[in-house]
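All remarks here apply to the structure that follows.
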Amino acid sequence: MTSADRPEGQGEGTIPQREGREEREELPFFVYGTLRPGEVNHDLFLRGRTAAEEPARLPDAALYEGPGYPYAVDRPGSAIAGELITPAPGAYAELLAALDLLEEYAGPGHPANIYDRTAREALRPDGTPVRAWVYLAAPPLAHRLARSGTPIPGGDWLRR
């Protein structure tokens, strides 16, 4: 896309404006791979931008091996381990934009998405549900993983 083709205010690497109430909700994030504490992207993207980080599980999802990071997909009856990340006050918009770029999410249903950002219920250790954003493999990738991907047993990236 040339600058003449790009809508005003959208440079290379920017995320298109999204519509819809759900897309604007300031939810915590459920992270399950390289954004978890101790992993490389946690330090790069989350350090200093969080108010809280707590263990959680995402029901009805499974993990697959990726090229140095995992992919999560819908799978009824399974669960994956991760953390709930609550952004620090004033850091939400910047963090959301950074994570959307990292996860190659361009907006709902965008054909270039590697991951789709969706609101799901995660569970705290005591079983309390928390609505959170989670990045799941976009449908074309999820179908390939179901056919020929390598599952991560137990759904925990840190224990693979």
Report task. Within region 74-113, work out how many residues are of a type outside the set (Val, Ile, Thr), part of a strand (DSSP E or B), within 25 Å of Gly154 (Cβ to Cβ) and open to solvent by less than 40 Å² (accessible area, probe 1.4 Å). Result -> 6
Requested in this report: Could you please let me know if Gly127 is modelled with pLDDT under 95 and either out of contact with any Lys or Arg (no Cβ under 8 Å at 6 or more places or on another chain) or charged (D, E, K, R) (or both)?
Outcome: no
Report task. Working only within region 17-49, note down all residues that are open to solvent by less than 40 Å² (accessible area, probe 1.4 Å), outside any loop (DSSP other than H, G, I, E, B) and at pLDDT 95 or above. Result -> Phe29, Phe30, Val31, Asn41, His42, Leu46
Requested in this report: Tell me which of these Leu145 doesn't satisfy, since it passes every other one: (1) assigned to a loop (DSSP other than H, G, I, E, B); (2) open to solvent by less than 20 Å² (accessible area, probe 1.4 Å).
Outcome: (1)
Query raised in the report: Is it fair to say Ala62 is buried (at least 21 other Cβ atoms within 10 Å of the Cβ) and either touching a Gly at 6+ places or on another chain (Cβ under 8 Å) or among the acidic types (Asp, Glu) (or both)?
Result: yes
Query raised in the report: Within region 125-140, can one find any residue that is open to solvent by less than 80 Å² (accessible area, probe 1.4 Å), basic (Lys, Arg) and outside any helix (DSSP H, G or I)?
Result: no
Report task. Could you check Asp116 against (1) free of Cβ contacts under 8 Å to residues at least 24 places away in the same chain; (2) surrounded by fewer than 18 Cβ atoms within 10 Å (Cβ to Cβ); (3) outside any loop (DSSP other than H, G, I, E, B) and say which number it fails? Result -> (2)
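The values are calculated or read from the model by the stated rules, or taken from the named source; none is laboratory data. Since the structure is predicted, the reported quantities are computational estimates derived from the model, not experimental observations. Because the Cβ atoms are built from the backbone with ideal geometry, glycine has one as well, and the counts that use them run over all protein chains shown. Only protein heavy atoms, including side chains, enter the accessible area calculation; ligands, DNA and RNA are left aside. Shrake-Rupley method; radii C 1.70, N 1.55, O 1.52, S 1.80 Å.
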